[in-house]
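All remarks here apply to the structure that follows.
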Amino acid sequence: MISVFRKLSWYFKEQWLKYTLAISALIVVNILGVIPPILVGQVIDLIQYNRLTQENFTYYVVLFISILTVSYLLSIYWDYTLFGRAILLEKKMRSKLMDHFMRMTSPFYSRFRTGDLMARSTNDLRALNMTAGFGILTLVDATIFMALIIGVMAIVINWKLTLAALIPLPIMAITMQRYGKKIHERFMDAQSAFSDLNNNTLESIQGVRVIRAFVQENRDTDRFKEQAEDVFQRNILVAKLDALFEPTIKVLVGLSYTIGIGYGAFFVMQSVITIGELVTFNIFLGMLIWPMFAVGELINVMQRGNASLDRTGELLSQQADVYDPKNPIQVERVEKIIFDDVTFRYPNAPDSSLNDVSLRIDKGETVGIVGKTGAGKTTLFRQLLREYPPSDEGTVFINEHPIQAYTLKQTREWIGYVPQDHILFSKTVRENILFGKENATDEEIYQILEMASLKKDIEELPEGLDTLVGESGVTLSGGQKQRVSLARALIKNPEILILDDSLSAVDGQTEAKIIQHLKEERKGKTTLIAAHRLSAVKHANEIIVLKDGRITERGCHNELMRNKNWYYSQYKKQQMEGGNQDE
Ligand SMILES: Nc1ncnc2c1ncn2[C@@H]1O[C@H](COP(=O)(O)OP(=O)(O)OP(=O)(O)O)[C@@H](O)[C@H]1O
Ligand SMILES: [Mg+2]
């Protein structure tokens, strides 16, 4: 339980002054809190013995109000400081995680599911917040405050009475802990059922078109009903325990009061204590209930905090498998890219996805990469994007140096990438495009729209460039999304442009227009194009055909046509089909 504090010690050390002040203030408030019940007892005794004068009454009232005022101010201070620090911890951990996520590469993301990462960066961090704020508060209250009250009860009033009245309290603590644990278990159960329901509902809503198309509405509704019933039943189980909890506690607290008053009255009769002291005693008993709860809660909060800390720690301990070299090389321009006998296998994959690939791309060249689906086109690009640790055999060179000799930032700055599965953010078209170059002017954007054959499409949108796209906005067609994604890469005017099957969803005519623009505007710059439709690479300086990660043919369009292999037959086939398609 304490280990969670040890694991968080870096933070407590960093914030030691604030924590020391807050905890000191909390302790002072606790000590001050013990005084009013004593004053109440004294006033009652004064009334009892007819000794209450104007003077001492004023004294009590002033003292009372002063204590309240000081407690009030100090409470505001500790509450604000303690919980403020806790929120800050959550923020710091979240930034740490986010930085970490940004540095992590594909293997990390295939190890952890998105939902899991989301849960760890929200729920778990909230649990840490609880530990650093509420945890510390309960720790102080459950130990110092409780000891203080019991001490005052035993010393100032009567130790025998204290002992007797406290008998039900350990039973209460044990009951609360047991109940608490059980409730927690059932609650977690209900929560996880709810999580499942949530996930499925989300999927159903997202996939509603598919569900309708396959006429699966009834089955889906039935499944939902079943799950909703399950969630209901589990929550009822929680409610049942909850219903038992309060009355049990009340009975035990009542028992404690009964002993306090019954046995206390006996002491009053014997003149061992005064009536005032009996009242003070019972107020103290009431004040003990919260710290008792706190003990139970403390254990819960600490356990949850510890588990959450371990879960986030597990993420943070993952090393990035692609990292910057110690002494990176700086070059002005990319003169050539060379794949030297590169063989690459994905982590955990049985076979390699690139085999002995050798390729030289000089500055200004356009290279086409074609081949059946799964041939390794995207994998080849990933070597340049450095999404995975370097290949097992062979090296990718940029100019004279292996690509690993450069910083990730530099290599990625050279590249404009249009991924195969185009991802647009839920922002305006303009913002999506500006992602490639923050400070581009409208003029530049329009130029790029022209280049990506997107101008007409954007003009037809309700608010033009300022139309919101993505999940919460206008739904763009597949081809439009591809071209926005293309515009985003083009506006960067990168040294190396990578188009991964980026024109697959546009018609043949538009494709031809875009290719024509690319040829004109990207003179002197390197362009790599992967495509299924061979017309997209026909103009390339070199075309390579991949099969099972191996280069099986290479050359320019005319050469490949003369060779009459896969490329030739594929091209012929597509030409015949294309005649009908590309109207
Ligand atoms: N993350 C991955 N982990 C393991 N294997 C992968 C991974 N990504 C791709 N592969 C495998 O590597 C091979 C090449 O895939 P790649 O995506 O490079 O093909 P592609 O030529 O781009 O295909 P497509 O034309 O369908 O885009 C395939 O056999 C695929 O199953
Ligand atoms: Mg691909």
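Structure summary
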{"read-out": "Label point distance in nm, H532-D507, each placed 7 Å from Cα along Cα→Cβ", "value": "1.9"}
{"read-out": "Theoretical FRET efficiency, 1/(1+(r/R0)^6), r = Cβ-Cβ of F397 and N348, R0 25 Å, to 0.05", "value": "0.40"}
{"read-out": "With DNA, RNA and ligands ignored, accessible area of K336 (1.4 Å probe; Å², nearest 10)", "value": "40"}
{"read-out": "Three semi-axes of the equivalent ellipsoid, segment 52-186, Cα gyration tensor, whole Å, largest first", "value": "46, 24, 10"}
{"read-out": "Rough spin-label spacing in nm, given labels placed 7 Å along Cα→Cβ, for R333 and A154", "value": "8.6"}
{"read-out": "Sum of side-chain charges, N235 neighbourhood, beta-carbon under 12 Å (Lys, Arg +1; Asp, Glu -1)", "value": "-1"}
{"read-out": "Cα-based helix-to-principal-axis angle, 478-490 vs the chain, degrees rounded to 10", "value": "90"}
{"read-out": "Cut-off 15 Å between beta-carbons: net charge of the residues surrounding F5, Lys and Arg +1, Asp and Glu -1", "value": "+3"}
{"read-out": "Using a Förster distance of 51 Å, the FRET efficiency for T475-D356 (Cβ separation, nearest 0.05)", "value": "0.70"}
{"read-out": "The chain, relative contact order in percent, only Cα pairs under 8 angstrom and at least six apart counted", "value": "15"}
{"read-out": "Amide H within-cut-off set for S353, under 5 Å, with H built and near neighbours excluded", "value": "F344, R345, Y346"}
{"read-out": "Cα centroid of segment 234-276 to Cα centroid of segment 43-122, whole Å", "value": "29"}
{"read-out": "Computed over the chain, the ratio Rg/Rh where both radii use C-alpha atoms and Rh is Kirkwood", "value": "1.17"}
{"read-out": "Packing-based order for 3-10, 426-433, using average beta carbon neighbours within 10 Å, highest first", "value": "426-433, 3-10"}
{"read-out": "Rotationally averaged projected area of segment 3-316 (alpha carbon convex hull; nm²)", "value": "21.8"}
{"read-out": "Order by protection proxy (mean Cβ within 10 Å, highest first), peptides 120-127, 296-303, 457-464, 514-521", "value": "296-303, 120-127, 514-521, 457-464"}
{"read-out": "Convex hull volume per residue for segment 337-581, taking Cα atoms only, in Å³", "value": "134"}
{"read-out": "Helix-only mean residue ellipticity at 222 nm for the chain, each DSSP H run of n ≥ 4 adding -39500 (n - 2.57), per residue, nearest 500", "value": "-21000 deg cm²/dmol"}
{"read-out": "Fraction of antiparallel bridges per DSSP, the chain only, in percent to nearest 5", "value": "50"}
{"read-out": "Within-15-Å neighbourhood charge of L26 [Cβ basis; K, R +1; D, E -1]", "value": "0"}
{"read-out": "Degrees between helix 508-521 axis and first principal axis of the chain (Cα, 0 to 90, nearest 10)", "value": "90"}
{"read-out": "Scattering curve values for segment 200-291, log₁₀ I(q)/I(0), Debye with Cα scatterers, q = 0.13, 0.17, 0.20, 0.22 Å⁻¹", "value": "-0.65, -0.83, -0.95, -1.03"}
{"read-out": "Kirkwood hydrodynamic radius of segment 495-580, Cα pairs, Å", "value": "13.7"}
{"read-out": "Virtual paramagnetic centre 7 Å along Cα→Cβ of Q318, amide N under 14 Å, in segment 105-139", "value": "105-121"}
{"read-out": "On Cα atoms only, tilt of 16-48 relative to the major axis of the chain in degrees", "value": "30"}
{"read-out": "Intensity falloff of segment 17-104 expressed as log10 I(q)/I(0), Debye formula with alpha-carbon point scatterers, at q = 0.10, 0.18, 0.22 Å⁻¹", "value": "-0.46, -0.83, -0.99"}
{"read-out": "Paramagnetic label zone (point 7 Å from Cα along Cα-to-C-beta, D421; backbone N under 15 Å) in segment 109-141", "value": "109-115"}
{"read-out": "Estimated dipole of the chain in Debye, rounded to 20 [Cβ of Lys and Arg +1, of Asp and Glu -1, Cα centre]", "value": "900"}
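The values are calculated or read from the model by the stated rules, or taken from the named source; none is laboratory data. Everything numeric in this text was worked out from a predicted model, so none of it was measured. Here Cβ is always computed from backbone atoms with ideal geometry, including for glycine, and neighbour counts include all displayed protein chains. Side chains are part of the model used for accessible areas, which takes the heavy atoms of the whole protein and leaves out ligands, DNA and RNA. Shrake-Rupley method; radii C 1.70, N 1.55, O 1.52, S 1.80 Å.
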